[in-house]
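In what follows, a single structure is set out as structure tokens and then discussed.
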Amino acid sequence: RLMPELPKFDDEDLKSYGDEEEELALSPPAALMSVLTTQELLLENILECIPVGKCEDIQPLSDEFCLVLGYLLTWKLTLTFFKAASSQLRVLYSQYLRRTKSLNKLLYHLFRLMPESPVFSGPASEVPNKETKTFFTEELHLDVK
């Protein structure tokens, strides 16, 4: 609930930016970026030896699993923040993410985490002749116990 409210504060400061020649960039909330930067470094250490296209299983509730989940949830918060921002602010935030290489790192990590075959294994009672379900066509329900 908090993330959609934060861009309003940057909107007020946006008026103070002039039409300078240099390309402007504005950081999303510093606390969020600090967490993201730390997680990027840790994830790079875990994924550095995994080439793109090789599928590595990460065991649920392992340290690696929790780190990956935290990283992806941090990006979800960042995207929620972006969604609430005006188009002018989105440009400034995206420039910041480009300069810090956070977008490059996100793609780097996603392509190493993506399963080789994204086929979704649903309940066995389903009819096998139906259209193949993938992780991209089905909504995932995560139950925390």
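Computed from the coordinates by the stated procedures, all read-outs in this text should not be read as laboratory data. Being a predicted model, the structure only gives us computed values, none of them experimental. No Cβ is skipped: glycine too gets one built from the backbone with ideal geometry, and neighbour counts run over all protein chains shown.
A few comments on the model shown:
- Candidates per GluC sites (Glu not before Pro) in the range 27-57, loop by DSSP, up to 15 other Cβ within 10 Å: GLU48, GLU56
- Annotation for the range 67-107: trypsin sites (Lys or Arg not before Pro) lying in DSSP loop with at most 12 further Cβ atoms inside 10 Å of their Cβ are LYS101.
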